[in-house]
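Participant: Attaching a single structure in structure tokens format; questions to follow.
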Amino acid sequence: MDEEGWRTRITAVRQAQERARLMAAALQNRADGLSADFTGRDDPAQRSVIEQERIEALEELDRTNAEIQQLDQAVRDIQEEARRAGVPPGWLR
């Protein structure tokens, strides 16, 4: 694989990492907002709906965090593969 191939490969994973991190931040903000909304409501029916939405947001956050961990490992794997192949470190920046 040439320099462009290595750069393309690592860049794609890093972009996916960034998207996943942004999504995780948005989901955390949503869950926090729903928690605040939940405590501000007196109606049990509304609280139930809000709690369900909060649970769904937290579940999605867990999935997104797991994806981030997988992407972090993918970067490490590419770096290790490149090291073993004798690829200059600058190719992966």
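Participant: To the nearest 10 degrees, how steeply does helix 3-39 sit against the main Cα axis of the chain, on a 0 to 90 scale?
Facilitator: The answer is roughly 10 degrees.
Participant: When the C-alpha atoms of the chain are aligned to their principal axes, what extent does each axis show, in angstrom, from largest down?
Facilitator: Extents along the principal axes, in whole Å: 64, 15, 14.
Participant: Given Cβ point charges of +1 (Lys, Arg) and -1 (Asp, Glu) and nothing else, what value in debye, to the nearest 20, does the dipole of the chain about its Cα centre take? It would help to have the intermediate numbers written out before the result.
Facilitator: Working: 14 positive and 19 negative charges, 93 e Å.
Around 440 debye, computed over the chain.
Participant: Follow-up. Counting only heavy atoms of protein chains, what accessible area per residue, in Å², does the chain have with a probe of 1.4 Å? Write out the running numbers ahead of the final one.
Facilitator: On the way: 6280 Å² over 93 residues.
On a per-residue basis, 68 Å².
Participant: Something else about it: Determine the distance separating the Cα centre of region 23-37 from the Cα centre of region 48-93; give it in Å without decimals.
Facilitator: 20
Participant: Taking the Cα atoms only, what angle lies between the long axis of helix 44-84 and the longest principal axis of the chain, rounded to 10 degrees?
Facilitator: Orientation of helix 44-84: about 10 degrees from the principal axis.
Participant: At 1.4 Å probe size, with the rest of the protein present, what percent of the exposed accessible area of the chain is carbon and sulfur atoms? Please list the in-between numbers first.
Facilitator: Numbers: 3140 of 6280 Å².
Ligands and nucleic acids excluded, carbon and sulfur reach 50 percent.
The values are calculated or read from the model by the stated rules, or taken from the named source; none is laboratory data. Keep in mind the model is a prediction, meaning the values are calculated, not measured. Positions of Cβ are backbone-derived with ideal geometry, glycine not excepted, and every protein chain shown enters the neighbour counts. When the accessible area is computed, the model is the full protein with side chains, heavy atoms only, and any ligands, DNA or RNA have been set aside. Shrake-Rupley method; radii C 1.70, N 1.55, O 1.52, S 1.80 Å.
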